[in-house]
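I have placed the structure first, in the form of C-alpha coordinates, so that the comments after it can refer back to it.
The values are calculated or read from the model by the stated rules, or taken from the named source; none is laboratory data. Keep in mind that this is a model prediction, so the values were computed, not measured. Using ideal geometry, Cβ is built from the backbone for each residue, glycine included, and neighbour counts are taken over all protein chains shown. For the accessible areas, the whole protein counts, side chains as well, though only heavy atoms, and no ligand, DNA or RNA atoms are used. Shrake-Rupley method; radii C 1.70, N 1.55, O 1.52, S 1.80 Å.
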Amino acid sequence: MRILFFSAVIILFSLSLCISAAMADSVETYTVGATDLNVRSSPSHDAPIIGKLQKGDQIRVFEENTFGWVKTFYGGQEAWIASQYLSTKSNATAISGQEKQITIIEDGVRVRTGPGTENSVIKHVPRNSQYTMVGNSNDWGEILLEDGSTGWVATWLTDLNSESTPVEKQSKNITSLTGYNIVIDPGHGGEDPGSIGMNNIFEKDVIMSTANAVAQKLRDAGATVIMTRNGDYYVPLQKRIQISNAYNTHAFISLHYNAHPISNVNGIETHYTGEGSYTLAREVHAALERNTALINRGVKQSGFYVISENNIPSILVELGFITNPDELEYIQTQEYENNVANGIVDGIRHYFN
Ligand SMILES: [Zn+2]
(Lines give C-alpha, C1' and ligand atoms only; values in the text may rest on other atoms or scores of the structure.)
Protein backbone atom coordinates (compact mmCIF):
# COMPACT_ATOMS: atom_id res chain seq x y z
CA MET A 1 0.00 0.00 0.00
CA ARG A 2 2.80 2.37 0.90
CA ILE A 3 4.69 1.44 -2.32
CA LEU A 4 1.57 2.03 -4.37
CA PHE A 5 1.03 5.40 -2.74
CA PHE A 6 4.67 6.33 -3.36
CA SER A 7 4.48 5.44 -7.09
CA ALA A 8 1.26 7.37 -7.39
CA VAL A 9 3.03 10.46 -6.05
CA ILE A 10 5.87 9.99 -8.52
CA ILE A 11 3.46 9.57 -11.41
CA LEU A 12 1.52 12.65 -10.37
CA PHE A 13 4.71 14.61 -9.92
CA SER A 14 6.13 13.68 -13.35
CA LEU A 15 2.74 14.32 -14.91
CA SER A 16 2.68 17.83 -13.51
CA LEU A 17 6.22 18.39 -14.83
CA CYS A 18 5.11 17.29 -18.31
CA ILE A 19 2.10 19.58 -18.20
CA SER A 20 4.05 22.62 -17.14
CA ALA A 21 6.72 21.92 -19.75
CA ALA A 22 4.05 21.61 -22.46
CA MET A 23 2.34 24.79 -21.29
CA ALA A 24 5.59 26.71 -21.34
CA ASP A 25 6.28 25.53 -24.87
CA SER A 26 2.78 26.14 -26.17
CA VAL A 27 2.91 29.95 -26.37
CA GLU A 28 6.18 31.79 -26.81
CA THR A 29 6.88 35.40 -27.61
CA TYR A 30 9.19 36.10 -30.52
CA THR A 31 10.54 39.39 -31.81
CA VAL A 32 10.44 40.28 -35.49
CA GLY A 33 13.91 40.92 -36.91
CA ALA A 34 12.96 42.14 -40.39
CA THR A 35 11.07 45.12 -41.79
CA ASP A 36 7.82 44.55 -43.68
CA LEU A 37 7.75 40.89 -42.73
CA ASN A 38 4.85 39.18 -44.50
CA VAL A 39 2.10 37.55 -42.49
CA ARG A 40 0.43 34.81 -44.53
CA SER A 41 -2.82 32.90 -44.23
CA SER A 42 -1.09 29.50 -44.42
CA PRO A 43 2.47 28.17 -43.99
CA SER A 44 3.72 28.72 -47.54
CA HIS A 45 5.49 31.48 -49.49
CA ASP A 46 2.68 31.24 -52.05
CA ALA A 47 -0.06 31.84 -49.49
CA PRO A 48 -1.91 35.18 -49.55
CA ILE A 49 -0.35 37.99 -47.50
CA ILE A 50 -2.78 39.16 -44.83
CA GLY A 51 -0.55 41.65 -43.05
CA LYS A 52 2.91 43.02 -42.40
CA LEU A 53 5.03 43.14 -39.27
CA GLN A 54 7.80 45.56 -38.52
CA LYS A 55 11.17 45.08 -36.91
CA GLY A 56 10.80 44.90 -33.14
CA ASP A 57 7.14 43.80 -33.23
CA GLN A 58 6.42 40.96 -30.88
CA ILE A 59 4.29 37.98 -31.73
CA ARG A 60 2.98 35.05 -29.79
CA VAL A 61 3.75 31.75 -31.42
CA PHE A 62 1.22 29.00 -30.84
CA GLU A 63 2.72 26.33 -33.03
CA GLU A 64 5.88 25.72 -35.00
CA ASN A 65 5.94 23.42 -38.02
CA THR A 66 8.96 21.53 -39.30
CA PHE A 67 9.20 23.59 -42.50
CA GLY A 68 10.22 26.79 -40.76
CA TRP A 69 6.82 28.40 -40.24
CA VAL A 70 5.24 29.55 -37.01
CA LYS A 71 1.58 30.00 -36.31
CA THR A 72 0.17 33.10 -34.67
CA PHE A 73 -3.04 35.11 -34.85
CA TYR A 74 -3.33 38.30 -36.86
CA GLY A 75 -6.45 40.44 -36.92
CA GLY A 76 -8.25 37.62 -35.11
CA GLN A 77 -7.44 35.01 -37.75
CA GLU A 78 -4.87 32.24 -37.95
CA ALA A 79 -1.66 33.47 -39.55
CA TRP A 80 1.76 32.09 -40.44
CA ILE A 81 5.19 33.69 -40.48
CA ALA A 82 8.54 32.37 -41.73
CA SER A 83 10.48 31.74 -38.54
CA GLN A 84 13.88 32.63 -40.00
CA TYR A 85 13.02 36.32 -39.52
CA LEU A 86 12.13 35.91 -35.88
CA SER A 87 14.45 36.03 -32.95
CA THR A 88 13.70 33.68 -30.12
CA LYS A 89 11.95 34.42 -26.91
CA SER A 90 12.11 38.08 -26.20
CA ASN A 91 12.28 39.18 -22.62
CA ALA A 92 8.59 40.06 -22.87
CA THR A 93 7.97 36.55 -21.54
CA ALA A 94 9.95 37.49 -18.47
CA ILE A 95 7.10 39.66 -17.25
CA SER A 96 4.59 36.82 -17.57
CA GLY A 97 4.89 36.41 -13.80
CA GLN A 98 3.51 39.94 -13.40
CA GLU A 99 0.36 39.56 -15.48
CA LYS A 100 -2.06 42.28 -14.59
CA GLN A 101 -5.81 42.77 -14.94
CA ILE A 102 -6.62 46.00 -16.74
CA THR A 103 -9.94 47.71 -17.45
CA ILE A 104 -10.71 49.73 -20.56
CA ILE A 105 -11.94 53.21 -19.57
CA GLU A 106 -13.11 54.62 -22.93
CA ASP A 107 -15.67 53.47 -25.47
CA GLY A 108 -14.58 51.76 -28.67
CA VAL A 109 -10.91 51.51 -27.79
CA ARG A 110 -8.85 50.10 -30.65
CA VAL A 111 -6.86 46.93 -30.18
CA ARG A 112 -3.91 46.92 -32.54
CA THR A 113 -1.39 44.42 -33.89
CA GLY A 114 1.51 46.27 -32.26
CA PRO A 115 2.40 49.02 -29.79
CA GLY A 116 1.63 52.26 -31.67
CA THR A 117 -1.13 53.92 -33.69
CA GLU A 118 0.67 53.03 -36.92
CA ASN A 119 -0.28 49.37 -36.39
CA SER A 120 -3.52 48.06 -37.87
CA VAL A 121 -6.67 47.67 -35.84
CA ILE A 122 -7.75 44.14 -34.87
CA LYS A 123 -10.99 45.12 -33.14
CA HIS A 124 -12.73 47.70 -30.98
CA VAL A 125 -13.44 46.96 -27.32
CA PRO A 126 -16.08 48.61 -25.13
CA ARG A 127 -15.59 50.60 -21.96
CA ASN A 128 -15.30 48.50 -18.77
CA SER A 129 -14.12 45.35 -20.56
CA GLN A 130 -11.31 43.63 -18.70
CA TYR A 131 -8.20 41.95 -20.01
CA THR A 132 -5.04 40.35 -18.77
CA MET A 133 -2.00 42.39 -19.72
CA VAL A 134 0.89 40.12 -20.64
CA GLY A 135 3.42 42.61 -21.92
CA ASN A 136 4.09 46.30 -22.37
CA SER A 137 6.10 48.72 -24.43
CA ASN A 138 6.21 52.43 -23.56
CA ASP A 139 2.59 53.61 -23.33
CA TRP A 140 1.15 50.41 -24.79
CA GLY A 141 -0.02 47.21 -23.14
CA GLU A 142 -0.24 43.79 -24.75
CA ILE A 143 -3.51 42.10 -23.80
CA LEU A 144 -4.70 38.53 -24.09
CA LEU A 145 -7.75 38.31 -26.37
CA GLU A 146 -10.62 35.84 -26.27
CA ASP A 147 -9.21 33.66 -29.08
CA GLY A 148 -5.88 33.23 -27.30
CA SER A 149 -4.07 35.74 -29.49
CA THR A 150 -2.81 39.07 -28.18
CA GLY A 151 -3.28 42.68 -29.20
CA TRP A 152 -2.10 46.10 -28.05
CA VAL A 153 -4.01 48.94 -26.42
CA ALA A 154 -2.86 52.41 -25.42
CA THR A 155 -2.49 52.27 -21.64
CA TRP A 156 -3.79 55.85 -21.28
CA LEU A 157 -7.17 54.39 -22.32
CA THR A 158 -7.05 51.88 -19.47
CA ASP A 159 -7.20 52.11 -15.68
CA LEU A 160 -3.41 51.58 -15.62
CA ASN A 161 -2.96 55.25 -16.36
CA SER A 162 -4.59 56.37 -13.12
CA GLU A 163 -1.97 54.43 -11.17
CA SER A 164 0.89 56.40 -12.65
CA THR A 165 2.50 59.20 -10.70
CA PRO A 166 1.87 62.84 -11.65
CA VAL A 167 5.39 63.08 -13.10
CA GLU A 168 4.78 60.14 -15.45
CA LYS A 169 1.44 61.64 -16.39
CA GLN A 170 3.09 64.90 -17.29
CA SER A 171 5.43 63.20 -19.73
CA LYS A 172 2.54 61.18 -21.18
CA ASN A 173 0.60 64.37 -21.82
CA ILE A 174 3.26 65.49 -24.25
CA THR A 175 3.22 62.44 -26.51
CA SER A 176 -0.39 61.46 -25.95
CA LEU A 177 -3.10 64.09 -26.21
CA THR A 178 -4.52 63.32 -22.78
CA GLY A 179 -5.82 66.51 -21.20
CA TYR A 180 -6.38 68.33 -24.50
CA ASN A 181 -9.87 69.27 -25.63
CA ILE A 182 -10.06 69.52 -29.40
CA VAL A 183 -13.05 70.86 -31.32
CA ILE A 184 -13.69 69.13 -34.63
CA ASP A 185 -16.04 71.08 -36.88
CA PRO A 186 -17.41 69.06 -39.81
CA GLY A 187 -18.39 71.80 -42.29
CA HIS A 188 -22.00 72.37 -43.42
CA GLY A 189 -24.82 69.89 -42.71
CA GLY A 190 -28.61 69.64 -43.07
CA GLU A 191 -30.02 72.21 -45.50
CA ASP A 192 -26.47 73.41 -46.24
CA PRO A 193 -24.85 70.77 -48.45
CA GLY A 194 -21.58 72.70 -48.91
CA SER A 195 -19.89 72.08 -52.24
CA ILE A 196 -21.49 69.71 -54.68
CA GLY A 197 -19.02 67.38 -56.31
CA MET A 198 -18.97 64.89 -59.16
CA ASN A 199 -21.91 62.45 -59.20
CA ASN A 200 -23.93 64.84 -57.01
CA ILE A 201 -21.86 64.06 -53.97
CA PHE A 202 -22.31 66.60 -51.16
CA GLU A 203 -19.42 68.00 -49.19
CA LYS A 204 -21.47 67.77 -45.95
CA ASP A 205 -21.67 63.96 -46.29
CA VAL A 206 -18.07 63.20 -47.25
CA ILE A 207 -16.73 65.51 -44.56
CA MET A 208 -18.85 63.88 -41.85
CA SER A 209 -17.23 60.53 -42.55
CA THR A 210 -13.74 62.08 -42.53
CA ALA A 211 -14.48 64.03 -39.34
CA ASN A 212 -15.57 60.85 -37.55
CA ALA A 213 -12.30 59.15 -38.51
CA VAL A 214 -10.32 62.17 -37.30
CA ALA A 215 -12.27 62.29 -34.02
CA GLN A 216 -11.68 58.59 -33.38
CA LYS A 217 -7.93 58.90 -33.97
CA LEU A 218 -7.75 61.91 -31.66
CA ARG A 219 -9.59 59.95 -28.96
CA ASP A 220 -7.21 57.03 -29.49
CA ALA A 221 -4.39 59.49 -28.88
CA GLY A 222 -6.00 60.50 -25.59
CA ALA A 223 -7.70 63.78 -26.56
CA THR A 224 -11.23 64.76 -25.60
CA VAL A 225 -13.06 65.59 -28.81
CA ILE A 226 -15.97 68.00 -29.06
CA MET A 227 -17.87 67.77 -32.36
CA THR A 228 -19.89 70.77 -33.53
CA ARG A 229 -22.27 68.35 -35.24
CA ASN A 230 -22.70 64.59 -35.04
CA GLY A 231 -25.00 64.02 -37.97
CA ASP A 232 -26.64 65.58 -40.98
CA TYR A 233 -28.26 68.69 -39.50
CA TYR A 234 -27.77 72.42 -39.82
CA VAL A 235 -25.60 74.17 -37.24
CA PRO A 236 -25.28 77.98 -37.68
CA LEU A 237 -21.72 79.30 -37.74
CA GLN A 238 -22.31 81.36 -34.55
CA LYS A 239 -23.38 78.17 -32.77
CA ARG A 240 -20.14 76.46 -33.83
CA ILE A 241 -18.15 79.31 -32.29
CA GLN A 242 -20.27 79.13 -29.13
CA ILE A 243 -19.56 75.40 -28.81
CA SER A 244 -15.86 76.08 -29.24
CA ASN A 245 -15.78 78.90 -26.70
CA ALA A 246 -18.06 77.22 -24.14
CA TYR A 247 -15.56 74.50 -23.23
CA ASN A 248 -12.02 74.77 -22.03
CA THR A 249 -10.77 73.96 -25.52
CA HIS A 250 -7.24 74.00 -26.91
CA ALA A 251 -7.70 73.89 -30.69
CA PHE A 252 -10.50 74.25 -33.24
CA ILE A 253 -10.29 72.42 -36.54
CA SER A 254 -12.90 73.01 -39.22
CA LEU A 255 -12.90 70.33 -41.91
CA HIS A 256 -14.05 70.94 -45.49
CA TYR A 257 -13.75 69.68 -49.02
CA ASN A 258 -13.16 72.11 -51.81
CA ALA A 259 -14.78 72.74 -55.20
CA HIS A 260 -13.72 74.39 -58.43
CA PRO A 261 -15.40 74.84 -61.82
CA ILE A 262 -12.29 73.37 -63.47
CA SER A 263 -12.30 69.69 -62.69
CA ASN A 264 -8.54 69.11 -62.63
CA VAL A 265 -7.89 71.64 -59.86
CA ASN A 266 -6.70 69.66 -56.84
CA GLY A 267 -4.85 69.66 -53.53
CA ILE A 268 -5.01 70.49 -49.84
CA GLU A 269 -4.96 73.96 -48.27
CA THR A 270 -5.02 75.14 -44.67
CA HIS A 271 -6.45 78.49 -43.55
CA TYR A 272 -5.89 80.57 -40.43
CA THR A 273 -6.82 84.13 -39.45
CA GLY A 274 -4.83 85.49 -36.50
CA GLU A 275 -1.09 85.05 -35.99
CA GLY A 276 -1.92 82.97 -32.89
CA SER A 277 -3.25 80.24 -35.17
CA TYR A 278 -0.40 80.25 -37.67
CA THR A 279 1.74 77.62 -35.93
CA LEU A 280 -1.24 75.26 -35.63
CA ALA A 281 -2.00 75.77 -39.34
CA ARG A 282 1.63 75.18 -40.32
CA GLU A 283 2.03 72.02 -38.19
CA VAL A 284 -1.25 70.42 -39.28
CA HIS A 285 -0.66 71.31 -42.92
CA ALA A 286 2.88 69.87 -42.86
CA ALA A 287 1.63 66.67 -41.22
CA LEU A 288 -1.17 66.33 -43.79
CA GLU A 289 1.39 66.75 -46.53
CA ARG A 290 3.51 63.99 -44.95
CA ASN A 291 0.55 61.65 -44.55
CA THR A 292 -1.44 62.12 -47.77
CA ALA A 293 -0.42 62.06 -51.39
CA LEU A 294 -2.32 65.21 -52.33
CA ILE A 295 -0.88 68.35 -53.91
CA ASN A 296 0.13 71.04 -51.42
CA ARG A 297 -1.75 74.30 -52.08
CA GLY A 298 -0.23 75.94 -49.03
CA VAL A 299 -1.11 77.64 -45.75
CA LYS A 300 -3.27 80.73 -46.32
CA GLN A 301 -4.44 83.62 -44.18
CA SER A 302 -8.19 84.16 -44.62
CA GLY A 303 -11.21 85.51 -42.82
CA PHE A 304 -13.57 82.55 -42.63
CA TYR A 305 -16.06 83.25 -39.86
CA VAL A 306 -15.55 80.05 -37.87
CA ILE A 307 -11.84 80.69 -37.51
CA SER A 308 -11.77 84.48 -37.31
CA GLU A 309 -14.30 84.71 -34.45
CA ASN A 310 -12.81 81.91 -32.38
CA ASN A 311 -11.00 82.56 -29.09
CA ILE A 312 -8.60 79.64 -29.43
CA PRO A 313 -6.08 78.60 -32.10
CA SER A 314 -8.34 77.80 -35.05
CA ILE A 315 -7.80 76.52 -38.54
CA LEU A 316 -9.93 75.50 -41.51
CA VAL A 317 -8.60 72.68 -43.66
CA GLU A 318 -9.75 72.05 -47.23
CA LEU A 319 -8.93 68.39 -47.68
CA GLY A 320 -9.12 68.15 -51.45
CA PHE A 321 -11.52 68.82 -54.33
CA ILE A 322 -14.71 66.83 -54.71
CA THR A 323 -15.06 68.39 -58.18
CA ASN A 324 -11.95 66.51 -59.30
CA PRO A 325 -12.92 62.94 -60.27
CA ASP A 326 -9.57 61.36 -59.32
CA GLU A 327 -9.35 63.21 -56.06
CA LEU A 328 -12.97 62.43 -55.19
CA GLU A 329 -12.34 58.72 -55.69
CA TYR A 330 -9.30 58.83 -53.39
CA ILE A 331 -11.06 61.03 -50.83
CA GLN A 332 -13.77 58.43 -50.40
CA THR A 333 -11.38 55.59 -49.55
CA GLN A 334 -10.75 54.43 -46.03
CA GLU A 335 -7.04 54.77 -46.70
CA TYR A 336 -7.45 58.50 -47.30
CA GLU A 337 -9.57 58.99 -44.18
CA ASN A 338 -6.94 57.14 -42.24
CA ASN A 339 -4.13 59.26 -43.69
CA VAL A 340 -5.99 62.50 -42.98
CA ALA A 341 -6.75 61.38 -39.43
CA ASN A 342 -3.11 60.41 -38.84
CA GLY A 343 -1.98 63.70 -40.34
CA ILE A 344 -4.22 65.82 -38.12
CA VAL A 345 -3.28 63.91 -34.96
CA ASP A 346 0.38 64.11 -35.92
CA GLY A 347 0.12 67.86 -36.60
CA ILE A 348 -1.69 68.57 -33.33
CA ARG A 349 0.94 66.58 -31.43
CA HIS A 350 3.71 68.62 -33.01
CA TYR A 351 1.83 71.80 -32.20
CA PHE A 352 1.44 70.95 -28.50
CA ASN A 353 5.03 69.79 -28.26
ZN1 LIG B 1 -16.97 73.71 -47.04
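Could you order TYR74, TYR278 so the one with the most accessible surface comes first? Probe is 1.4 Å.
Details: TYR74 30, TYR278 80 Å².
Sorted by accessible area, descending: TYR278, TYR74.
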In debye to the nearest 20, the charge dipole size for region 99-164, taken about the Cα centre with +1 at each Lys and Arg Cβ and -1 at each Asp and Glu Cβ, equals 120 debye
The farthest towards the positive end of the charge dipole of region 177-352, of the residues ILE201, MET227, THR279, given +1 on Cβ of Lys and Arg and -1 on Cβ of Asp and Glu, is THR279
Diffing region 106-123: the Karplus 3J(HN,Hα) column from phi (6.51, -1.76, 1.60, θ = phi - 60°), in whole Hz with x for Gly and Pro, holds 10, 7, x, 5, 7, 9, 10, 6, x, x, x, 5, 6, 7, 6, 8, 8, 6
Taking placed amide H atoms and a strict 5 Å upper bound, the residues 5 or more places from LEU145 or on another chain that come that close are THR150, GLY151
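Please give me the summed charge of the neighbours of ILE49: other residues whose Cβ is under 12 Å from its Cβ, Lys and Arg +1, Asp and Glu -1.
Local net charge: 0.
With a 1.4 Å probe and every protein chain left in place, work out the accessible area per residue of region 283-353 in Å², rounded to a whole number. Working shown, then result.
On the way: 3060 Å² over 71 residues.
Per-residue accessible area for region 283-353 comes out at 43 Å².
Per residue, how big is the convex hull around the C-alpha atoms of region 177-352? Give it to me in cubic angstrom, could you?
Details: hull volume 17.2 nm³, N = 176.
Taking only Cα atoms, region 177-352 has a hull volume of 98 Å³ per residue.
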From the Cα centre of region 182-208 to that of region 311-353, the distance in Å is 14 Å
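By accessible area of protein heavy atoms, probe 1.4 Å, what ranking do TYR30, TYR336, TYR180 get, highest first?
Largest accessible area first, the list is TYR180, TYR30, TYR336.
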